[in-house]
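Report on one structure; see the data block that follows.
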Amino acid sequence: MEGVSRGSSSGVGIRAVYDGAWGFAATNDPSPDAVRRAAQQAVEVARASARVRGRDDQRAVLDERRASTGTYTTPHERDPLEVPLSEKVDHLLAATTAARDAADVSFVEASTDAWRITTSYRDSAGGSVDQRVLQVGGGLVAYAVGGGEVQRRSFPNSFGGQYETGGWERVLLLDLAGCAPDTARDAVALLDAPDLPYREDAVLLLESSQLALQIHESVGHAVELDRILGSEAAYAGTSWVSATDRGSLRYGSPLMTVIADATTPHAMGTFGYDDEGVPAGQAAIVTDGVLTGYLTDRQSAAQLGEQSNGTARADSWGAIPLIRMNNVSLQPKEGDRASIVADTDDGVLFLTNRSWSIDDRRLNFQFGCEVAYEIRGGQLGRMYRNPTYAGRTPDFWGSCDALGGQSDWKVWGVPNCGKGQPSQTARVAHGAPTGRFRATVGVR
Amino acid sequence: MWGEDRLTALADAALTIGGDVEAVLSRTDSALTRFAGSRIHQNTSRLDGEARIRVVLDGRVGVVATNDLSYDGLHAAADKAREIAALTPADPHFPGLTPAGQPYGRTAGPDEETLGCPPQRRAELVAAALAELPAEVDAAGTMETSVQERAIVTSTGIRVYAAGTRATASVLAQGATSSGWAEAGATAIGGLDCAALGRRAGEKVLLGASPREMPAGSYPVVLESGATTNIVQWLGWLAFPGRAYNEERSALSGRLGEQVCSPLVTIVDDPLSPLLPGTPFDPEGTATRRTSLIEAGVAVGVAHDRATGAVAGTGSTGNAMPAPNSMGGLPTHLLMNAGGATMDELVAGLDRGLYVTRFHYTNVVHPVSTSITGMTRDGTFLVEDGRIVGGVRNLRFTQSCLAALAGCEAVGADVELATDLFYGAALAPAVRLSSFTFTSTTAY
């Protein structure tokens, strides 16, 4: 057992508007005096903000809405932070033992994480929300090292596995020990596999976890309205989508429908209220290939004359809420991975993300995966190592000509979404089936 | 600031539980003023701290972190850490807590002006940068100040404390068809020239207007400090970690003593350098020092914590990360030595090539070969006959870091702080490289 730790962090964050300008102050000292000082500091900071207003003298305006009151607790059976440590240790060691017994791996890592986030939200308009969100995750990674190569296979996904909202029962459903042997054998087999050859305009199939990250980078971030309006420009960038594109921009093929849904059961991006007190809901983002919505908070929505769709979230008490993805999911169509493979004459199947990169307008991307398989005549063929694919967002989504159905559709947690300055990390999710596209493969 | 006496006295509270205990306490007061569209749109301040308590019971290790920096909070955290250790299997690789008796170096203490910097001062500096922009050019960026103090007290007798301040600023100037970037950092706010940053970013907007598209391919390049820093930081993740070296996952595994870069390249990790100061001790209490990693192109060292240093037989180099840490030692204060060339001389050495201001969203493609991918942004130019002739659209590169530095033809005289997306800060000069591989383009 390499590391066992427990952490807790608590505090108060206060956001204030003064003359149309924002200020924020946070303290880890919960005493009334300290909180009062933080409130005064927030106003002082807002006064300073008001000194630099830009050429258009823009002022912060929030959408018109009735103040929210309510409570929410993530449905669960066993609070993961109340599960005995020994049970978690046994669960992980059983998985690593099963992997080691199955193949000559160099090393194996298994891990589980759990978070319990308790939030009390109050605002001067009367908003009052109390919320407790439980998030859990677990996974296994087998490594094979040799011949100048480091190959790995992750189960059920990279970034530490699968992450969901719920209790410890969600981790047990992963069956880490049962799936460890195949994971280990694949990692070792990759050492002797050839590199995926370079090819332009190749047909590629993305299994659902990789397609989930493709959605994250090339759709989810691109439709954040604060980014579109420029507030992230100096850090993670802007977007190829504009605030006037709704209803007219063709994002992808008619197969493409994307919905942001903060109520998806068990999904990592599910909650009761966002951090502006807006109740969780759904929003259509892309419908039949056409852009139909954005992710919004109260301020950005007001700029479009609308109401927030409830995606303002802070990663802690010490951070301001930003527009963050919830569960931004590509809707299923029909069939499954097997039927799409059978329908593909010449292509490549990519599995499990290893690397990701996209430009600062979310157009030019390049992804690496842990493994790929040749598809010939509707059959899976040889294994490839170090597979990559690259393309541009509208071309890629425009090339989509097959998406799996409901049975092939799965929601994948993404626990490490970075945004903002100071940098914040959000835990979000994306549902996706297997999809078929065209792009350049084998870039290195 | 709380100061040495108060912070170490609090750490003592953790030691009262008896046995082998390590208490790492930190306290941070940070403020970040963020602007976009030439107005301050996000403005935050945060006062927080952390106590990270490690308890060891017969080789079994438990770690608890809390931001409750009260006597009771510290004591409760230590109790919980002991409870975790008692339930955890022994770690045969744990080398024990660091013994006392090491001499510690010194770093610059806190700067009084930075320590008490009010939000109005940060707003003034933002305004100073904006005042230098050309007409019709807006800007986004940050102005950040922070003070951090840290103490370590252990049952083995270590009792150390350090404090320091930091001020950083960045300016992204945005024109209709081009953008420009400049950033700087210092240990004191008085060391920042924000007006100069505004001028420099604005000049790049004018220079890069109406960019032309260059075909993908290999070009000789001049990298500004920020871009070079990104390359060096990736070596910090891929090649220099002691655990990767031990496990033959590093490009340097088995290659110490070999020429791996141009003789013009010397890279060290040095938390004691006044150029990029850290603390005189790492989170295990080991004294930090200047560690040579690449000396005149020859691989000479890697970064170890106590565990990986024991395996390598070298001992720790003072590069531990906070416990629990499965990554091993990492270099967090990388410095590449400056050379003698001015920027004009670096550019004058290019017959035809590209000038890169900075990279965006870089990520690993092949770890052992130190191959990464990423985009250029905010000032990419075509150089012909030794002078910049205009802007070019951004390109994606896929390139081995070591191979790039193997072709280093000249090194700039000036080094400047460059902060990078996700990976902190380092310091590297501008360089001219004989070849850099760009694999695709984007639309702007």
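Take the residues in segment B:26-63 that are at positive phi and more than 7 Å from chain A (Cβ to nearest Cβ), then tell me which one is most open to solvent (accessible area, probe 1.4 Å). Selected residue: B:ASP58. Looking at (1) at the interface with another protein chain (Cβ under 10 Å from one of its Cβ atoms); (2) part of a loop (DSSP other than H, G, I, E, B); (3) buried (at least 22 other Cβ atoms within 10 Å of the Cβ), which one does B:THR142 not meet, given that it meets all the others? The failed condition is (2).
Restricted to helices (runs of 4 or more DSSP H) entirely inside segment B:207-319, those with at least 3 residues that are surrounded by fewer than 19 Cβ atoms within 10 Å (Cβ to Cβ) are B:306-312. Among the conditions (1) open to solvent by less than 10 Å² (accessible area, probe 1.4 Å); (2) away from chain B (no Cβ under 14 Å); (3) under 15 Å from A:HIS430 (Cβ atoms), the only one that A:ASN353 does not satisfy is (2). A single member of B:THR357, B:THR373 is open to solvent by less than 10 Å² (accessible area, probe 1.4 Å), polar (S, T, N, Q) and more than 7 Å from every other protein chain (Cβ to nearest Cβ), and it is B:THR357. Residues of segment A:202-236 that are within 12 Å of chain B (Cβ to nearest Cβ) and not in a helix (DSSP H, G or I): A:LEU229, A:GLY230, A:SER231, A:GLU232, A:ALA233, A:ALA234, A:TYR235, A:ALA236.
Quick check on this structure: which one of B:GLY190, B:GLY202, B:GLY198 is open to solvent by 30 Å² or more (accessible area, probe 1.4 Å), of a type in the set (Gly, Ala, Ser) and part of a helix (DSSP H, G or I)? Show your work before the answer.
On the way: B:GLY202 fails: open to solvent by 30 Å² or more (accessible area, probe 1.4 Å); B:GLY198 fails: open to solvent by 30 Å² or more (accessible area, probe 1.4 Å).
Criteria check complete, one pass: B:GLY190.
Scanning segment A:33-54 finds one or more residues that are within 8 Å of another protein chain (Cβ to nearest Cβ), within 29 Å of B:THR142 (Cα to Cα), among the polar types (S, T, N, Q) and free of Cβ contacts under 8 Å to residues at least 40 places away in the same chain. B:ALA425: assigned to a strand (DSSP E or B), under 30 Å from A:ASN386 (Cβ atoms) and either at pLDDT below 95 or open to solvent by 20 Å² or more (accessible area, probe 1.4 Å) (or both), yes or no? Spelling it out, it is not the case that B:ALA425 is assigned to a strand (DSSP E or B), under 30 Å from A:ASN386 (Cβ atoms) and either at pLDDT below 95 or open to solvent by 20 Å² or more (accessible area, probe 1.4 Å) (or both).
Given the condition open to solvent by less than 10 Å² (accessible area, probe 1.4 Å) and within 14 Å of chain B (Cβ to nearest Cβ), answer yes or no: does some residue in segment A:260-283 qualify? No, the conditions are met nowhere in segment A:260-283.
Within segment A:417-438, the only residue that satisfies the criterion of being within 14 Å of another protein chain (Cβ to nearest Cβ), open to solvent by 10 Å² or more (accessible area, probe 1.4 Å) and closer than 25 Å to B:SER440 by Cβ is A:GLY418.
From the list B:ALA51, B:ALA11, B:ALA31, B:ALA65, which one is assigned by TED's automatic domain parsing to the domain that holds B:ILE84, touching a strand residue (DSSP E or B) at 6+ places or on another chain (Cβ under 6 Å) and assigned to a helix (DSSP H, G or I)?
Working: B:ALA51 fails: assigned to a helix (DSSP H, G or I); B:ALA31 fails: assigned to a helix (DSSP H, G or I); B:ALA65 fails: assigned to a helix (DSSP H, G or I).
Of B:ALA51, B:ALA11, B:ALA31, B:ALA65, the one residue that is assigned by TED's automatic domain parsing to the domain that holds B:ILE84, touching a strand residue (DSSP E or B) at 6+ places or on another chain (Cβ under 6 Å) and assigned to a helix (DSSP H, G or I) is B:ALA11.
Filtering segment A:92-109 to residues that are surrounded by 15 or more Cβ atoms within 10 Å (Cβ to Cβ) and closer than 13 Å to B:PRO89 by Cα leaves only A:LEU92. Is one or more of the residues making up segment A:175-197 within 17 Å of the chain's Cα centre (by Cα), modelled with pLDDT of 95 or more, outside any loop (DSSP other than H, G, I, E, B) and buried (at least 24 other Cβ atoms within 10 Å of the Cβ)? Checked against the condition, which is being within 17 Å of the chain's Cα centre (by Cα), modelled with pLDDT of 95 or more, outside any loop (DSSP other than H, G, I, E, B) and buried (at least 24 other Cβ atoms within 10 Å of the Cβ), segment A:175-197 yields no hits at all. Within segment B:145-177, being open to solvent by less than 20 Å² (accessible area, probe 1.4 Å) and either outside any strand (DSSP E or B) or aromatic (Phe, Trp, Tyr) (or both) holds for one residue alone: B:ILE158. Please enumerate the residues belonging to segment A:378-413 that are in contact (Cβ under 8 Å) with a residue 60 or more places away in the chain, in a strand (DSSP E or B), away from chain B (no Cβ under 14 Å) and open to solvent by 10 Å² or more (accessible area, probe 1.4 Å). Hits for segment A:378-413 are A:ARG382, A:MET383, A:ALA402, A:LYS410, A:VAL411, A:TRP412.
Of all the residues in segment B:74-119, those that are surrounded by fewer than 19 Cβ atoms within 10 Å (Cβ to Cβ), part of a loop (DSSP other than H, G, I, E, B) and within 14 Å of chain A (Cβ to nearest Cβ) number 9.
The listed residues are A:HIS76, A:HIS91, and the only one of them that is more than 14 Å from chain B (Cβ to nearest Cβ) and either of a type outside the set (Gly, Ala, Ser) or assigned to a strand (DSSP E or B) (or both) turns out to be A:HIS76. The residues of segment A:306-350 that are within 14 Å of chain B (Cβ to nearest Cβ), under 16 Å from the mean Cα position of the chain (by Cα) and open to solvent by 10 Å² or more (accessible area, probe 1.4 Å), listed by number, are A:ALA314, A:ASP315. Among the residues of segment A:412-420, is there at least one that is touching a Gly at 6+ places or on another chain (Cβ under 7 Å) and among the β-branched types (Val, Ile, Thr)? Within segment A:412-420, not a single residue is touching a Gly at 6+ places or on another chain (Cβ under 7 Å) and among the β-branched types (Val, Ile, Thr).
The values are calculated or read from the model by the stated rules, or taken from the named source; none is laboratory data. This structure is a prediction, so every number in the text was calculated from the model and none was measured. As a convention, Cβ positions derive from the backbone with ideal geometry for all residues, glycine included, and neighbour counts pool all protein chains shown. Calculation scope for accessible area: heavy atoms of the full protein, side chains included, ligands and nucleic acids excluded. Shrake-Rupley method; radii C 1.70, N 1.55, O 1.52, S 1.80 Å.
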